[in-house]
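Structure, as structure tokens:
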Amino acid sequence: MPVPRALLLLACACRADPAAEVVLPRADAVTVRPDVANVLLRRFDVALAPAADAELRCTAPTEPLEDHRLAIPGGRATVALLGLLPRTRYRCTVVDAAGAERWRGAFTTDPLPDGLPTLAASGDRDRAVTDDAYVLFTTWALGRDAGPKRAIVVDGDGRVRWYLDLDDASTGGIAAHLVDGLLVTGGGRGSRPALRTLEGELRYQVPPPAEPDGEGYHHEAQLTPEGWLLSLQAVRNEGPQGGFAGFRIEAWDPATDALTWSFDSQPQVDAGVLPPGGPGDYDPFHANAVTVVDDDPDGPAVWVSLRGLGSLMRIDRATGAVTGFFGPDRGYALEHVDGTAADEAEWFWGQHAPEIVGDTFTVYDNGGRRPGSRRYSRVARYRRLGDDRAVLLWDWTEPGWYETNFGSVAAVPDSDGHVLVGTGHCGDCDPDGDTSWVAELDPRSGEVVWRLDFTSDGHSLYRAQPLGGCEVFANRRTCP
């Protein structure tokens, strides 16, 4: 969907851009304001007299594909221009519905702040979709001086177009999604799940975690089909051997600030559904993803990725009961598409960010627990056939690919079945020396049709989301 271009009447203490060149014919007035938190954003206060519907148009002489356009209904509004390039001179006009130029000006964007990755793009533009669109992911610098955690959007050439500092996170495991023009973020052991506009306005944030002195919110933040903000947080559970890390799932309604649904691991431990931990196994479940599935064949469900158990756990959304598990050692016979038996190693062995549609599971598989001597990461798609059979529809890997942590796989819209693979590099893990990357994959041929490679091993990413060209910014290169 196109990003809602809310016409925000904003009070701002920002100074006017000293580079702006303003020409004011008649009684028209236009002010250009930079944003203190994002050098790739400009706000335009427009007041045309006489009033008339108009359009803001901004181009960059040194970048022929830069052609940003925003509507100004009635000719009186404040509009936010997003998705600019750093260190770039833009020339802008305001043109009314009759084609008359009502204002002309210019500005130059500042350099990007420190701590953002540099990426190199490659691929086949005739076959790829993402190269003409955008990718959203969270990123952070590796090492002791990790620097800020950020959500960023990059274009098909790997250039940063937007960013948001997430200062309250202490780790990089922060989920970020764009849904109907709203940015959903949360996790990182401290970043409370929230809804924001891309202009930076905070629309809603869930309450502090149930145990403020614990590890707080981690790994997940989602907007459900009902519009509820879904979160995952760490809570202390108790077992025969003492305390250990459990988890709590909550769904809050931003419209009413009401808790609409929740699930706790402790009752499942008490009932013997989940195994207890203890001092020697303080994090037995390591819940790292939650997915709401309306079209589950067995009814509306919530699936939880329990990496510590190597399984996906199904919760009936109506009753809150755990109704089953999916994964290795869960009683499933795994087959290939041709009906032959699949090897045990062809299950997922360290899953991250599964994408679940109906009875189909697309899984990013780090592979750290895979049986055998060969270590490798991969992405795979499975179909669950009842409670005892599953089919491996396809899987993909490439030589030398092995990362023990982070990563995601997601369907690429309007791409005839392509998926976007996001691989995060773990700087403290073995092997070292690799880099993070994002790739658009055609599973039918096994070919990578487009790719972004981080140019150094100093940054990582958590998950990557493909975005359509008209979903984010008003650049006619990606949104004709």
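The residues listed here are L183, L164; of these, the one that is open to solvent by less than 10 Å² (accessible area, probe 1.4 Å) and either closer than 29 Å to L116 by Cα or not in a strand (DSSP E or B) (or both) is L183. Taking the criterion of being charged (D, E, K, R) and under 22 Å from the mean Cα position of the chain (by Cα), the residues of the range 383-433 that qualify are E403, D414, D416.
Starting from residues that are in a strand (DSSP E or B), among the small types (G, A, S) and in contact (Cβ under 8 Å) with a residue 60 or more places away in the chain, keep the ones in the range 383-425 and report whichever is nearest to T171 (Cα to Cα). Even if it seems obvious, please write down each step before you answer.
Our first condition is that a residue be in a strand (DSSP E or B); within the range 383-425, this holds for 383-385, 389-396, 408-411, 419-423.
Filter once more, so that each one left must be among the small types (G, A, S): 390, 408, 410-411, 422.
In the following step, the residues that additionally are in contact (Cβ under 8 Å) with a residue 60 or more places away in the chain were identified as 390, 422.
Working: A390: 35, G422: 18 Å.
Filtering first and then ranking leaves G422.
Taken as a whole, the structure leaves A345 outside the set of residues that are among the aliphatic types (A, V, I, L, M), at pLDDT below 95, open to solvent by 10 Å² or more (accessible area, probe 1.4 Å) and closer than 20 Å to T397 by Cβ.
Are any of the residues in the range 335-346 over 24 Å from A175 (Cβ atoms), touching a Leu at 6+ places or on another chain (Cβ under 6 Å), touching a residue at least 24 places away in the same chain (Cβ under 8 Å) and among the hydrophobic types (A, V, I, L, M, F, W, C)? Taking every residue of the range 335-346 in turn, at least one turns out to be over 24 Å from A175 (Cβ atoms), touching a Leu at 6+ places or on another chain (Cβ under 6 Å), touching a residue at least 24 places away in the same chain (Cβ under 8 Å) and among the hydrophobic types (A, V, I, L, M, F, W, C). Check whether at least one residue in the range 361-382 is out of contact with any helix residue (DSSP H, G or I) (no Cβ under 9 Å at 6 or more places or on another chain), part of a strand (DSSP E or B) and farther than 24 Å from G424 by Cβ, and report yes or no. Looking through the range 361-382, none of the residues is out of contact with any helix residue (DSSP H, G or I) (no Cβ under 9 Å at 6 or more places or on another chain), part of a strand (DSSP E or B) and farther than 24 Å from G424 by Cβ. Scanning the range 111-155 for residues that are among the charged types (D, E, K, R), open to solvent by 20 Å² or more (accessible area, probe 1.4 Å) and either closer than 23 Å to S170 by Cα or out of contact with any Ser or Thr (no Cβ under 9 Å at 6 or more places or on another chain) (or both) yields D114, D124, R125, D126, R127, R144, D145, K149.
Here's the yes/no breakdown for (1) closer than 20 Å to H177 by Cβ; (2) open to solvent by less than 10 Å² (accessible area, probe 1.4 Å); (3) among the hydroxyl-bearing types (S, T, Y); (4) modelled with pLDDT under 90:
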{"site": "Y382", "(1), (2), (3), (4)": "no, yes, yes, no"}
{"site": "E403", "(1), (2), (3), (4)": "no, yes, no, no"}
{"site": "G407", "(1), (2), (3), (4)": "yes, yes, no, no"}
{"site": "A411", "(1), (2), (3), (4)": "yes, no, no, no"}
{"site": "G427", "(1), (2), (3), (4)": "no, no, no, yes"}
{"site": "G433", "(1), (2), (3), (4)": "no, no, no, yes"}
{"site": "S445", "(1), (2), (3), (4)": "no, no, yes, no"}
{"site": "L467", "(1), (2), (3), (4)": "yes, yes, no, no"}
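Confirm whether F325 is closer than 28 Å to S373 by Cβ, of a type outside the set (D, E, K, R) and part of a loop (DSSP other than H, G, I, E, B). In short, no.
Quick grid of which residues meet (1) in contact (Cβ under 8 Å) with a residue 12 or more places away in the chain; (2) of a type in the set (D, E); (3) surrounded by 15 or more Cβ atoms within 10 Å (Cβ to Cβ):
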| residue | (1), (2), (3) |
| --- | --- |
| F263 | yes, no, yes |
| A271 | no, no, no |
| P279 | yes, no, no |
| Y282 | yes, no, no |
| V290 | yes, no, yes |
| D295 | yes, yes, no |
| P300 | yes, no, no |
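Just a yes or no: is a residue in the range 354-362 open to solvent by less than 30 Å² (accessible area, probe 1.4 Å), over 18 Å from the mean Cα position of the chain (by Cα) and free of Cβ contacts under 8 Å to residues at least 40 places away in the same chain? Give the derivation first.
So the first thing to find is which residues in the range 354-362 are open to solvent by less than 30 Å² (accessible area, probe 1.4 Å), and the list is 354, 356, 358, 360-362.
So of that shortlist, the ones also over 18 Å from the mean Cα position of the chain (by Cα) come out as 358, 360-361.
If we keep only those that are free of Cβ contacts under 8 Å to residues at least 40 places away in the same chain too, we end up with 360.
Yes, there is a match, as at least one residue in the range 354-362 is open to solvent by less than 30 Å² (accessible area, probe 1.4 Å), over 18 Å from the mean Cα position of the chain (by Cα) and free of Cβ contacts under 8 Å to residues at least 40 places away in the same chain.
Exactly one residue out of S408, S377 is in contact with a Phe, Trp or Tyr (Cβ under 6 Å, 6 or more places away or on another chain) and under 17 Å from V357 (Cβ atoms): that is S408. Any residue at all in the range 198-207 that is open to solvent by less than 30 Å² (accessible area, probe 1.4 Å) and either under 27 Å from V273 (Cα atoms) or of a type in the set (S, T, N, Q) (or both)? Checked against the condition, which is being open to solvent by less than 30 Å² (accessible area, probe 1.4 Å) and either under 27 Å from V273 (Cα atoms) or of a type in the set (S, T, N, Q) (or both), the range 198-207 yields no hits at all. I'd like to verify a number: residues in the range 186-212 that are part of a loop (DSSP other than H, G, I, E, B) and either within 17 Å of V153 (Cβ to Cβ) or out of contact with any Lys or Arg (no Cβ under 8 Å at 6 or more places or on another chain) (or both), how many? Residues meeting the conditions: 7.
The values are calculated or read from the model by the stated rules, or taken from the named source; none is laboratory data. A quick note: this is a predicted structure, and the numbers were derived from the prediction, not measured. Note: ideal-geometry Cβ built from the backbone for every residue, glycine included; neighbour counts use all protein chains shown. Each accessible area value is taken on the protein alone, full model and side chains, heavy atoms only, with ligands, DNA and RNA left out. Shrake-Rupley method; radii C 1.70, N 1.55, O 1.52, S 1.80 Å.
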